[in-house]
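Novice: Structure below; questions to follow.
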Amino acid sequence: MRRFAVAFAVAAAMLLTAATAFGREMDLVYGGETHHYSADDINIIVNGNKIVTNKMPAIVLNEKTFVPVQEFFEAAGCSVTRVSGSNGAVISYGGRTLQLAADSRSIFVNGEPDSLPADEPAPMVVNGELMAPLRLIAERLGFDVGWDENSGAATLTAPFDGGYISKVVPATVDRADMIYLAYDRPEEPSVNRYGSPERVVLDFPNTRLTEEYSEYGVNGANVISVRCANHDSTARIVLDVRSQPNVLLSRTETGIVIAVSPADTGSASASVDDLRNGVYFDPTAFVDSIPQQTAVTAGGGVNAVADAEYDFGSVVIDAGHGGYTGASFGGVQEDKITLPIALKVRDKLTAAGYNVVMTRTADVSVSLQSRVDIASVPTNGSAIPAVFVSIHCNSFDEDLGVNGTQVYYHTESHYGTILAQNIYDADVAGTTLKGSRIRDGSDLYVIRKTIQPAALVETAFLTNDGDRAYLASEEGQEALANGITAGIIKTIHQMMSDRGLA
């Protein structure tokens, strides 16, 4: 983690005793007491622009520079959402999110829990404004933080805001060599060929590799090795080849596949369809630390593991989308509806005695594979959570009259089907929403890939005026959460009963 320059820390401390005619002199109310404050103004420059706040200035407390969270970080180009009913906020920038609250040393970075270092003061409310240490937020959002001696100002430089390649996985089967790239926000690469030695170079613009340099030996039919490096804002993938091959790029749900085959085939002999059909390999299976579960046939299917592998006291709740993704209609964004419903389900299940694993608890973007990974982590020995439920909103702008609740399941999952039916029945009975039937969702990623019974709830249609108003209402969210919770508990009781455990 980057640190302030030493000069900035020293200068900040000096501000506590340096009062001038051009500085700040004011009373600060915090911790139930009034404190007189006198110090020079603090200059902060973000991406070359000086930030000026009106309600509260930047101040130095406990030798740390505090800034008013909402006004300062919105001026710095971040999205700031105040947490209803608390002195907390969610700050998002460049795909990163930080959630904090006044007087709390617990924070969440990209939905993951974190805690403040011992020498870092907690956020606090000063003169009615939520204030937080500048470095605490800026560094965790990816800003470079420093000190400009010439201007006497703290400087923040925005993090890289392009795509990222986080994993490179080569494989060889028969005459085809394939390289899978786990890729966030991909842009189309340029493909160039060079001789002496023979190589194919793919340059991905506005993209960075999370590792500055890496090299992979392949020794395949066509590709000898794969070399990866960053060049300014371009990620470069170099394929060292035996002779110039055919190259085909195909997208998957989590990245890009480079399929390389001999030139004499006339065209690339492998495609993303081959991957999905399992002819070569499934690139999304290349993840770290996923426990290998044993599939069962009786009463099971794709979402089933051996009896002893279920933790019936744990549930995974997945708030669909995140980070301003998903459907949007009439000023209502899907991921801003799914999270509060998911959090309500979490609270209700927790109150009923269940351990709840959330795929996200803040407004962050989480990949489909990451959601599956989270669901696969054992919560009790080698046992994984008993069920997985993903919460979404539907849309159909070709016919704005279409409305109602739908719940999807995998046709080969016995308990996944029961879970979908139980949630559907409870939601239709407990809400004013129209129902139709549960639906085949076997091709949906989180249903297809999770190894416990899974259901995906399309709560209602954002494109329908009545449904949208219901989704945006506290009453509607509460009723939907009640139905989802009841359906989950009923299914777990049935699973346990079938095993003689209840």
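Novice: What distance in nm lies between label points placed 7 Å from Cα along the C-beta direction at Ile45 and Ser214?
Specialist: Inter-label distance under the simple model: 3.7 nm.
Novice: Moving on. Taking amide H atoms as placed 1.01 Å from N in the peptide plane, list the residues 5 or more away in sequence, or in a different chain, whose amide H sits under 5 Å from that of Ala102.
Specialist: Asn87, Gly88
Novice: Give the residues of region 31-72 whose amide nitrogen is closer than 13 Å to a point set 7 Å from the Cα of Glu25 in the direction of its Cβ.
Specialist: 36-40
Novice: Right, next: Whole-Hz Karplus ³J(HN,Hα) for region 380-396, in order, using 6.51 cos²θ - 1.76 cosθ + 1.60 and θ = phi - 60°, x for Gly and Pro?
Specialist: 8, x, 9, 7, 9, x, 5, 9, 10, 10, 9, 10, 9, 10, 8, 7, 7
Novice: Which whole-Hz couplings ³J(HN,Hα) result when phi for each residue of region 109-120 is put into the Karplus expression 6.51 cos²θ - 1.76 cosθ + 1.60, θ = phi - 60°, listed in order with x for Gly and Pro?
Specialist: 10, 6, x, 9, x, 8, 9, 6, x, 4, 8, 9
Novice: Another question, if that's okay. Counting other C-beta atoms within 10 Å, which of His321, His414 has the fewest, and how do the rest follow?
Specialist: His414, His321
Novice: Moving to a separate point now. Tell me, what is the FRET efficiency for Asp119 and Arg227 to the nearest 0.05, using R0 = 56 angstrom and their Cβ-Cβ distance as r?
Specialist: Given R0 = 56 Å and the Cβ-Cβ separation, E is 0.85.
Novice: Evaluate the Kirkwood expression for the hydrodynamic radius of region 87-166, namely the inverse of the mean inverse distance over all pairs of different C-alpha atoms, and round to one decimal in Å.
Specialist: Evaluated on region 87-166, it is 13.9 Å.
Novice: I would also like to ask the following. So for the pair Arg82, Val109, with labels modelled 7 Å out along Cα→Cβ, what separation do we get in nm?
Specialist: For the pair Arg82/Val109, the computed spacing is 2.7 nm.
Read-outs throughout are calculated quantities, based only on the coordinates presented, and are distinct from any laboratory measurement. Note that the structure is predicted; figures quoted are calculated from it, not measured. Virtual Cβ from ideal backbone geometry, glycine too; neighbours counted across all protein chains shown.
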